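Student: Questions regarding the structure given below will be posed in turn.
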Amino acid sequence: MMGMEVFCNLFLFSFSIMFLVCAWRVVNWAWIRPKTLEKWLRGQDLKGNPYRLFYGDTKEIAKMMNETKSKPMNVLSDEVVPRVIPYFFESIQKHGKNSFVWLGTIPMVIITDPDHVKEVLSKHNTFQQNLADPVVYKLSQGLLKYEGDKWSKHRKIANPAFQLEKLKHMVPAMYKICSEMVGRWEEIVSRNESGELDVWPELKTIAVNVISLTAFGISYETGRRLFELQHELAEHASELRHSVYIPGGRFLPTKKNRRMNGIDKEINTVLKRIIEKRIGAMKEGEEASNNLLDMLLESNFKEMKHHGNQEFGMSIEDIISECKLFYLAGQETTSDLLVWTMILLSRNQEWQELAREEVMHVFGDDKPDFDGLNRLKIVTMILNESLRLYPPVPTLIRIVKEDAKLGNLSLPAGVRLLVPIIFLHHDPEMWGEDANEFNPERFREGVSKATNGKACYLPFSGGPRICIGLNFAMVEAKTALSCILRRFSFKLSPSYAHAPYTGLTTNPLYGAPLILQKL
């Protein structure tokens, strides 16, 4: 009996210690650490709302995002910052450009100084992609998650697949897909020589088709399934982003987490089957095709052969991660770029006509080719201005991995940094009084001249980790616009409702119905 009593006492003592430790950790996570960080940040002359237990500002962030869905805005206005990032915009208006907000228990400093932005993007090992973010965790397990030498190795292997010389060979496939889309449009409006069409789902379709064919050499049906799965995953992850962050919460067996894990597993299975099939064919002597996957595999083989060691290459899992990243990013960003460009040209007929004249002058009735696409100066100006007003990804989030200096700021490890890309793109201090107006003329002498070398134009991020698919997206967008402009003029339909909305990327909430006129 004595032994049993001692055992019970030891058990109760151990349990009490464990309970106290857990309780301390919860209290520290939910109150002590946030309040300590808040005091630190205010000591840096940063302003923001007082910390509120558990939720911070997340309820207000979610509420304001939902309110933007309730009604459209002025159809002729491009002053979209208050709508796309409403809470962050309000914080800047209320507290100034040196402000912070609360993502649950975590403070996030809003970085609007171009010099600070440049430093954040260049020091990518200090200010890292936030893998606790459910969107990043599930959708960007590729180049973004690797640091130091491993990231450099993966970027070195992937770079050859995105070289301009390689992209040149993809233009015929892009043209074929875009030409087929335009052919469908002609059938739709053929009876009256004009007609209304919601171009948003059409542009998403060609973006999926292009990335499926040029990235993987797979059919549209298989590509569409991958897109649907990744899109659903993105929707679930975006919902979690605006909820209270609980450490390790993504590993809990909730219904949403189980669904997300199931989707991720299916995506991995489909991609692994495609990759292994291509590896087998290439080992049997089949030449690499002009798609991104084959180029990536070929570059990977060469790297391993050069060093005589497989450790210098990428594993199947690594390649799957890369494929997930550029498959989703490749079609989301390009379809967004195209739809906002068509909407802007519908409202600015003079620029639409200038772009059409340039396309006809460069190509006439010939198929677009890579060299000709590079000579489309006006089209490039228009695309750059569209990306300025409606960047597909309106914000970047980074995590401070260790105590760091950022200009005159001292930032403790664990703090998040928000780069509000769309705010920088619309800042009158950077762009002048017409910052909220469509004016491609500002890019006549290129991006560097338009920005005076400042980090205030970041549609594809910036620094060493600038989006590797930048050139791919621009070539595809120029090809698609060349096909459309030669066959149609277009204007906004009376049914169009202007409602930019950000889920994973910024797109038109109610679609993009346009009136197409055959030429």
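The values are calculated or read from the model by the stated rules, or taken from the named source; none is laboratory data. Keep in mind that this is a model prediction, so the values were computed, not measured. We place every Cβ from the backbone using ideal geometry, glycine too, and count neighbours over all the protein chains shown.
Student: State all residues of the stretch 321-372 that are among the charged types (D, E, K, R) and in a helix (DSSP H, G or I); if no residue qualifies, say none.
Tutor: Across the stretch 321-372, the qualifying residues are Glu322, Lys324, Glu332, Asp336, Arg347, Glu350, Glu353, Arg356, Glu357, Glu358, Asp371.
Student: Residues of the stretch 31-53 being hydroxyl-bearing (Ser, Thr, Tyr) and touching a residue at least 12 places away in the same chain (Cβ under 8 Å), which ones?
Tutor: The answer is Tyr51, and nothing else.
Student: Tell me, which residue of the stretch 40-76 that is of a type in the set (A, V, I, L, M) and part of a loop (DSSP other than H, G, I, E, B) is surrounded by the fewest Cβ atoms within 10 Å (Cβ to Cβ)?
Tutor: Leu76
Student: Sticking with this structure for a sec: Search the stretch 425-435 for residues being closer than 24 Å to Lys377 by Cα and crowded, with 16+ Cβ neighbours inside 10 Å, and hand back the single one that is modelled with the lowest pLDDT.
Tutor: Per the criteria, the residue is Met430.
Student: Tell me which residues, restricted to the stretch 255-291, are under 15 Å from Ser212 (Cβ atoms) and not in a helix (DSSP H, G or I).
Tutor: Once the filter is applied, which keeps residues that are under 15 Å from Ser212 (Cβ atoms) and not in a helix (DSSP H, G or I), the stretch 255-291 yields Ser289, Asn290, Asn291.
Student: Something else: Which of the following residues is in a helix (DSSP H, G or I), charged (D, E, K, R) and either in contact with a Cys (Cβ under 9 Å, 6 or more places away or on another chain) or at negative phi (or both): Glu90, Glu79?
Tutor: Glu90
Student: Follow-up question, since we're still on this one. Counting just the residues of the stretch 228-260 that are of a type in the set (S, T, N, Q) and under 16 Å from the mean Cα position of the chain (by Cα), which one comes out modelled with the highest pLDDT?
Tutor: In this case the residue turns out to be Gln230.
Student: Let me ask something else about it. Tell me yes or no: at least one residue of the stretch 94-104 is modelled with pLDDT of 90 or more and on the phi > 0 side of the Ramachandran plot.
Tutor: Within the stretch 94-104, one or more residues are modelled with pLDDT of 90 or more and on the phi > 0 side of the Ramachandran plot.
Student: Looking only at the stretch 298-319, how many residues end up being modelled with pLDDT of 65 or more and not in a loop (DSSP other than H, G, I, E, B)?
Tutor: Counting residues in the stretch 298-319 that are modelled with pLDDT of 65 or more and not in a loop (DSSP other than H, G, I, E, B) gives 14.
Student: Give the stretch 167-178 a look and list any residue that's in contact (Cβ under 8 Å) with a residue 60 or more places away in the chain and surrounded by fewer than 17 Cβ atoms within 10 Å (Cβ to Cβ), or say none.
Tutor: Scanning the stretch 167-178 gives Lys168, His169, Pro172.
Student: Kindly list the number of the only condition in (1) of a type in the set (D, E, K, R); (2) farther than 30 Å from Glu445 by Cβ; (3) crowded, with 22+ Cβ neighbours inside 10 Å that fails for Asp336.
Tutor: The failed condition is (2).
Student: Additional query: Under the condition of being of a type in the set (Phe, Trp, Tyr) and either loosely packed, with under 12 Cβ neighbours inside 10 Å or touching a strand residue (DSSP E or B) at 6+ places or on another chain (Cβ under 9 Å) (or both), which residue from the stretch 18-39 is nearest to Ser495 (Cα to Cα)?
Tutor: Restricting to residues being of a type in the set (Phe, Trp, Tyr) and either loosely packed, with under 12 Cβ neighbours inside 10 Å or touching a strand residue (DSSP E or B) at 6+ places or on another chain (Cβ under 9 Å) (or both), the top hit is Trp24.
Student: Taking the criterion of being β-branched (Val, Ile, Thr), over 27 Å from Asp427 (Cβ atoms) and free of Cβ contacts under 8 Å to residues at least 40 places away in the same chain, would at least one residue in the stretch 8-18 satisfy it?
Tutor: For the stretch 8-18, residues β-branched (Val, Ile, Thr), over 27 Å from Asp427 (Cβ atoms) and free of Cβ contacts under 8 Å to residues at least 40 places away in the same chain: present.
Student: With respect to the numbered conditions (1) more than 28 Å from His426 (Cα to Cα); (2) surrounded by 23 or more Cβ atoms within 10 Å (Cβ to Cβ), which one is the sole condition not fulfilled by Asp365?
Tutor: Exception for Asp365: condition (2).
Student: Let me ask something else. Please work out if Pro107 is at pLDDT 85 or above, outside any helix (DSSP H, G or I) and either of a type outside the set (Gly, Ala, Ser) or on the phi > 0 side of the Ramachandran plot (or both).
Tutor: yes
Student: Take residues that are touching a strand residue (DSSP E or B) at 6+ places or on another chain (Cβ under 8 Å) and farther than 25 Å from Tyr87 by Cβ and tell me which of the strands (runs of 3 or more DSSP E) falling wholly in the stretch 380-474 contain 2 or more.
Tutor: Those strands (runs of 3 or more DSSP E) span 404-406.
Student: Collect the residues in the stretch 436-487 that are in contact with a His (Cβ under 9 Å, 6 or more places away or on another chain) and either farther than 16 Å from Arg388 by Cα or surrounded by fewer than 20 Cβ atoms within 10 Å (Cβ to Cβ) (or both), keeping them in residue-number order.
Tutor: Listed by number, the residues that qualify are Asn436, Gly463, Pro464, Arg465.
Student: Related question: Looking at this structure, is Tyr390 closer than 30 Å to Ile263 by Cα and modelled with pLDDT of 95 or more?
Tutor: Judged against the criteria, Tyr390 is a match.
Student: Has the stretch 183-199 got any residue that is crowded, with 19+ Cβ neighbours inside 10 Å, on the phi < 0 side of the Ramachandran plot, at pLDDT 85 or above and within 25 Å of the chain's Cα centre (by Cα)?
Tutor: Within the stretch 183-199, one or more residues are crowded, with 19+ Cβ neighbours inside 10 Å, on the phi < 0 side of the Ramachandran plot, at pLDDT 85 or above and within 25 Å of the chain's Cα centre (by Cα).
Student: Okay, moving on. Specify the residue that is surrounded by the fewest Cβ atoms within 10 Å (Cβ to Cβ); the eligible residues are those in the stretch 341-359 that are over 20 Å from Ile177 (Cα atoms) and hydrophobic (A, V, I, L, M, F, W, C).
Tutor: Among those that are over 20 Å from Ile177 (Cα atoms) and hydrophobic (A, V, I, L, M, F, W, C), it is Leu354.
Student: OK, next. Determine if the stretch 491-512 includes at least one residue that is surrounded by fewer than 18 Cβ atoms within 10 Å (Cβ to Cβ), under 27 Å from Val171 (Cα atoms) and of a type in the set (S, T, N, Q).
Tutor: no
Student: Given the criteria closer than 25 Å to Tyr87 by Cβ, at pLDDT 95 or above and among the small types (Gly, Ala, Ser), does Ala477 qualify?
Tutor: no
Student: Enumerate the pairs (first residue in the stretch 496-519 and hydroxyl-bearing (Ser, Thr, Tyr); second residue anywhere and assigned to a strand (DSSP E or B)) with beta-carbon separation below 8 Å, excluding pairs fewer than 6 apart on the same chain, so at least 6 apart or on different chains.
Tutor: As it stands, the answer is Tyr496/Pro513; Tyr496/Leu514; Tyr501/Asn507; Tyr501/Pro508; Thr506/Pro500, since those pairs meet every condition given.
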